[in-house]
Amino acid sequence: MAITVVVSGAKGRMGTETVGAVMADDQLQLVGEVDHGDDLAATLGSLKPVAMVDFSVPSAVLGNIETALANGVVPIVGTTGLAPADVEYVRGLCRTHNLGALIAPNFAIGALLMMRFAQEAAKYMPDAEIIEMHHEKKLDAPSGTAAKTAEMIAIGRANTPPTALPDDAFEKIPGSRGGKGVGDVPVHSVRLPGFVASQMVIFGGPGQTLTIRHDSLDRKSFMPGVTLALRHAPALAANGGELIYGLEHLL
Ligand SMILES: NC(=O)C1=CN([C@@H]2O[C@H](COP(=O)(O)OP(=O)(O)OC[C@H]3O[C@@H](n4cnc5c(N)ncnc54)[C@H](O)[C@@H]3O)[C@@H](O)[C@H]2O)C=CC1
Ligand SMILES: O=C(O)C1=N[C@H](C(=O)O)C[C@H](O)C1
């Protein structure tokens, strides 16, 4: 029997692509679409899908996750902009509702490999900075992918501290050195027309640099990951209330 799916954020760039991908997958059945202004709780309550995939906006995603879990629906979340504390909050909600969920900052296989290689490289080359480049309509900075990459670099270099900058180093223009969050890895966010989603992780060592780069040139790059995640929804529903953070854990 096909896995029933409601798409949240269905009228957006990712939502539109997702609607098409779900409809084209014979293991999945699209039963509903919601966007801004629609009643998600009523939709999920009446249609009772197995999964809700969310590509909405940072200000709405936590509420949508709460609504899905409260209605017994597995959230498959691509929306970014969640803080680490939000992810922990969702982890707790999953336990409370005894229902699994997935938060995946990036569904593209190439991006997952880029993050994995970055974690590995950081063991041997702990000095690293991230430059992420996205289209000009993106709301959040840094990207969810950059934030997760920084976390993974921090894990990779846990036993190998990066080189300290000079004590008297300074920024003539505030922000020139990028932003730092979890993992203390500088992240530089570029927003320009022309990009979909790209990221470079640059490692530096004495006399050498290593650059790991991924480019999503089309939003189709995310769709195999989205449908794969949705096919895992029944297993997530029965996993005892565990939140999975990162699609790599389902590969
Ligand atoms: N995890 C991944 O692989 C990817 C994640 N994203 C993320 O997905 C999100 C959406 O990206 P885009 O499609 O480019 O944005 P978009 O702006 O094109 O689409 C967002 C849609 O959400 C709708 N929306 C607003 N409030 C809503 C609510 N309360 N409930 C449901 N829908 C609501 C908007 O009306 C709009 O149609 C962003 O956070 C982006 O960072 C984007 C690409 C890949
Ligand atoms: O907004 C986007 O477009 C993207 N958002 C995700 C992120 O913030 O990492 C994934 C991908 O980079 C595209």
Of these, Ser59, Ser46, Ser143, which one is of a type in the set (S, T, N, Q) and either touching a helix residue (DSSP H, G or I) at 6+ places or on another chain (Cβ under 6 Å) or buried (at least 17 other Cβ atoms within 10 Å of the Cβ) (or both)?
Ser143
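Quick check on this structure: which one of Phe222, Phe203, Phe195 is part of a loop (DSSP other than H, G, I, E, B), in contact (Cβ under 8 Å) with a residue 60 or more places away in the chain and at negative phi?
Values: Phe222 fails: part of a loop (DSSP other than H, G, I, E, B); Phe203 fails: part of a loop (DSSP other than H, G, I, E, B).
Of Phe222, Phe203, Phe195, the one residue that is part of a loop (DSSP other than H, G, I, E, B), in contact (Cβ under 8 Å) with a residue 60 or more places away in the chain and at negative phi is Phe195.
Per-residue answers, yes or no, for (1) of a type in the set (A, V, I, L, M); (2) over 18 Å from the mean Cα position of the chain (by Cα); (3) at pLDDT 95 or above:
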| site | (1), (2), (3) |
| --- | --- |
| Glu151 | no, no, yes |
| Pro161 | no, yes, no |
| Glu171 | no, yes, yes |
| Gly181 | no, no, no |
| Val196 | yes, no, yes |
| Gly225 | no, no, yes |
| Ala237 | yes, yes, yes |
| Glu242 | no, no, yes |
Could you list, in sequence order, the residues of the range 93-130 that are in a loop (DSSP other than H, G, I, E, B) and among the small types (Gly, Ala, Ser)?
Gly100, Ala104, Ala108
The one condition in (1) in a helix (DSSP H, G or I); (2) more than 16 Å from the chain's Cα centre (by Cα); (3) over 14 Å from Val201 (Cβ atoms); (4) not charged (D, E, K, R) that Val90 fails to fulfil
(2)
Consider only pairs whose beta carbons are under 6 Å apart and that are at least six residues apart or on different chains; among these, list those whose first residue lies in the range 14-38 and is under 17 Å from Met1 (Cβ atoms) and whose second residue is in a helix (DSSP H, G or I) and within 16 Å of ligand 2 (Cβ to nearest atom).
none
Can you confirm whether Pro75 is over 23 Å from Val7 (Cβ atoms), crowded, with 18+ Cβ neighbours inside 10 Å and of a type outside the set (D, E, K, R)?
no
Being surrounded by 15 or more Cβ atoms within 10 Å (Cβ to Cβ) and more than 13 Å from ligand 2 (Cβ to nearest atom) is the filter; apply it to the range 202-217 and report the residue that is farthest from Ala111 (Cα to Cα).
Gly204
Which condition breaks for Leu112 when tested against (1) touching a strand residue (DSSP E or B) at 6+ places or on another chain (Cβ under 8 Å); (2) within 16 Å of ligand 2 (Cβ to nearest atom)?
(1)
Given (1) part of a helix (DSSP H, G or I); (2) surrounded by fewer than 22 Cβ atoms within 10 Å (Cβ to Cβ), index of the condition Ala164 fails
(1)
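The values are calculated or read from the model by the stated rules, or taken from the named source; none is laboratory data. Being a predicted model, the structure only gives us computed values, none of them experimental. A quick note on method: Cβ atoms are made from the backbone with ideal geometry, for glycine too, and the neighbour counts reach across all protein chains shown.
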